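Here is the structure we will look at.
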Amino acid sequence: MFTSDSIPLQDYLIIASVLFCIGVWGLINSRNAVRVLMSIELMLNAVNINLMAFSAYIDGNLIRGQVFTVFVITVAAAEAAVGLAILISLYRNRTTVDMESFNLLKW
Amino acid sequence: MSISTSTEQICFLILGLIVIGGSLGVVLLNNIVYSAFLLGGVFMGVAGLYLLLNASFVAAAQILVYVGAVNVLILFAIMLVNKKEELKPIKALRTRKILSAGVCTGLLILLFRVDITTPWIFPGPNSIGELSTERIGEHLFTDYLLPFELASVLLLMAMIGAIVLARRDVLISDIGTGDSVNQSLIEKSNEQILLDQSSE
């Protein structure tokens, strides 16, 4: 039913790690706040690829990785909603989306 | 090598190129609208990878939730805050980018080393393939029931929180005077309340 010899597990892990590192770089370097949220979504997707690959190759019987992926997708949806609401509320008060100009939590 | 194997490998290669090239575009492109559309492409590519792993339910959930909800939400937010603005120049921005790229490359090399040198336990049990939808349902209502309920509570809280944060026209009146209260962020002080308290 599932041939695990055509694509090795390592290939999925390599794609996921490249995606994760691109997400980290974007998270650090973006100045647009929306792009920061998009980078977080990229990182969450990298983690999801890892969970799905392990669930298919190692835990093929009890697919616990797929259940965790469903939970991660749920939490990512909630995070996107709250993050974008915070972003819009910040934009109303500062009229900018530049990350360098947000210093509300500085003291 | 049979034809199904080579087809699978070609699909994997194309999907990997879509995912990695699209995510590079998301991070590097100047126009944020192009980034948002490319992000949708990356999500579709990840859903294709899930299909290659015989997980059709999660692939459908990925497309419905990420492409259908999260990406559309991001596009709406971009339309709401999209304004031509000149970002203030920062000193040594290029140095910062190169430095962080070096750190990320180091992390990438570390992850590659872990991926390649670790002897993963093979072969595991056979994948159950198309039965996975039923199995996910069993998991959700037996041993993962508590996280499932917590997820529903979390979604409710996130929905209410997002509405409260993003609505502009909630007007709270001051309890003492009945005047409307300045509900801006912290750095704008609430003089009205402070004056009332000092006068009483």
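The values are calculated or read from the model by the stated rules, or taken from the named source; none is laboratory data. It should be emphasised that the depicted structure is a prediction, and the values quoted were computed from it without experimental measurement. Every residue, glycine as well, gets a Cβ built from its backbone with ideal geometry; the counts of neighbours run over all protein chains shown. Ligands, DNA and RNA are excluded from the accessible area calculation, which covers all protein heavy atoms including side chains. Shrake-Rupley method; radii C 1.70, N 1.55, O 1.52, S 1.80 Å.
Tabulated values for the structure
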{"read-out": "A:Arg64 being touching a helix residue (DSSP H, G or I) at 6+ places or on another chain (Cβ under 8 Å) and open to solvent by 40 Å² or more (accessible area, probe 1.4 Å)", "value": "yes"}
{"read-out": "Among (1) open to solvent by 10 Å² or more (accessible area, probe 1.4 Å); (2) touching a helix residue (DSSP H, G or I) at 6+ places or on another chain (Cβ under 9 Å), the one test that A:Lys106 misses", "value": "(2)"}
{"read-out": "Members of the stretch B:99-108 found to be surrounded by 11 or more Cβ atoms within 10 Å (Cβ to Cβ) and either at the interface with chain A (Cβ under 7 Å from one of its Cβ atoms) or not polar (S, T, N, Q) (or both), listed by number", "value": "B:Leu99, B:Ser100, B:Ala101, B:Val103, B:Cys104, B:Gly106, B:Leu107, B:Leu108"}
{"read-out": "Subset of the stretch B:113-140 [within 8 Å of chain A (Cβ to nearest Cβ) and outside any loop (DSSP other than H, G, I, E, B)]", "value": "B:Asp115, B:Ile116, B:Gly129, B:Ser132, B:Arg135, B:Ile136, B:His139, B:Leu140"}
{"read-out": "Which numbered condition B:Asp143 fails, given (1) modelled with pLDDT of 90 or more; (2) outside any loop (DSSP other than H, G, I, E, B); (3) surrounded by 12 or more Cβ atoms within 10 Å (Cβ to Cβ)", "value": "(2)"}
{"read-out": "Residues being without any contact (Cβ under 8 Å) to a residue 40 or more places away in the chain, in a helix (DSSP H, G or I) and within 7 Å of chain A (Cβ to nearest Cβ) - total across the stretch B:67-98", "value": "8"}
{"read-out": "Complete set of residues in the stretch A:49-61 that are open to solvent by less than 40 Å² (accessible area, probe 1.4 Å) and either touching a Leu at 6+ places or on another chain (Cβ under 6 Å) or within 7 Å of chain B (Cβ to nearest Cβ) (or both)", "value": "A:Ile49, A:Met52, A:Ala53, A:Ala56, A:Tyr57, A:Asp59, A:Gly60"}
{"read-out": "Residue list for the stretch B:9-33, filter: of a type outside the set (S, T, N, Q) and more than 21 Å from A:Val18 (Cα to Cα)", "value": "B:Ile32, B:Val33"}
{"read-out": "Test result for A:Ala46, open to solvent by less than 10 Å² (accessible area, probe 1.4 Å), free of Cβ contacts under 8 Å to residues at least 60 places away in the same chain, touching a Phe, Trp or Tyr at 6+ places or on another chain (Cβ under 7 Å) and not acidic (Asp, Glu)", "value": "yes"}
{"read-out": "Any pair with Cβ under 8 angstrom, 6 or more apart, that starts in the stretch A:81-107 at a residue that is at positive phi and ends at one that is not in a helix (DSSP H, G or I)", "value": "A:Thr95/B:Lys83"}
{"read-out": "Selection status of B:Val33, touching a helix residue (DSSP H, G or I) at 6+ places or on another chain (Cβ under 7 Å), under 30 Å from A:Ile86 (Cβ atoms) and within 7 Å of another protein chain (Cβ to nearest Cβ)", "value": "no"}
{"read-out": "Flag for B:Ser127 being open to solvent by less than 40 Å² (accessible area, probe 1.4 Å) and out of contact with any Pro (no Cβ under 6 Å at 6 or more places or on another chain)", "value": "yes"}
{"read-out": "The stretch A:77-107, residues that are facing chain B (nearest Cβ under 7 Å) and either aromatic (Phe, Trp, Tyr) or under 30 Å from B:Leu150 (Cα atoms) (or both)", "value": "A:Ala77, A:Ala78, A:Ala80, A:Ala81, A:Val82, A:Leu84, A:Ala85, A:Ile86, A:Leu87, A:Ile88, A:Ser89, A:Tyr91"}
{"read-out": "Single condition A:Leu62 does not satisfy, out of (1) assigned to a helix (DSSP H, G or I); (2) modelled with pLDDT under 95", "value": "(1)"}
{"read-out": "Residue match in the stretch B:4-18 (condition: among the aromatic types (Phe, Trp, Tyr), in a helix (DSSP H, G or I), at pLDDT 90 or above and open to solvent by 80 Å² or more (accessible area, probe 1.4 Å))", "value": "no"}
